[in-house]
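Structure record follows, encoded as structure tokens.
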Amino acid sequence: MHEVSETKHWHEPSGQNRAGFGKFGRPKTPYDLFMESEGIPIFRDIGLKNATTLPMAPWKRLGGRGSYIQLHGTEGKWGSYVVEVPGAGALNPEKHLYEEVYMVAEGRGTTEVWLEGDSKKHVFEWQRGSLFSIPVNAMHRIVNASSSPAILIGGTTARISVMKASLSGFISTARPG
């Protein structure tokens, strides 16, 4: 089956003529539906030259601006995104049951990490080129130390977690205040 002037038809192969080809769409995974529900752009391609040039939109859950990155071939393995932390601002505190790694593309700041119910926060600094990981099941908040926006590229195993279980319960955002 293939499209001919907006209609579809099927024909049997004969001689050198092959049968028509159809387009087979991949069904959306739970992670695809989750990304779409966040209301930010999703970049899908085989590669990416510069994550800092991706279109970004306000990201209510994180409190900054961002864009998802889905490189062909990584589906089912890693979830990736770019997030912009506002100048002299911070992202919303978060806690999740999946691994998360950040690479700093632009800016400098700190990350606060703590366990729920623990009053002591562990704080470390980062700058352009830094690579850091957030411990599983720990609360954390990313803070921008400069007046210019900071841009971080995140990679998570959330995609695997979402594929294995229902989305609810895996992503909880703590509201500041």
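The table below lists the values:
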item: Protection proxy ranking of 87-96, 112-121, 29-38 - average other beta-carbon atoms within 10 Å, highest first; result: 87-96, 29-38, 112-121
item: Per-selection Rg to Rh, the range 27-173 - Cα, Kirkwood hydrodynamic radius; result: 0.94
item: Mean separation of Cα contacts under 8 Å (6+ apart) over length of the range 27-173, as relative contact order %; result: 28
item: Across Lys28/Lys77; Lys60/Lys95; Lys95/Lys120, pairs whose alpha-carbon gap is larger than 19 Å; result: none
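Read the figures in this text as sums done on the coordinates, not as results from a lab. Because the structure is a prediction, the values reported are computed rather than measured. Here Cβ is always computed from backbone atoms with ideal geometry, including for glycine, and neighbour counts include all displayed protein chains.
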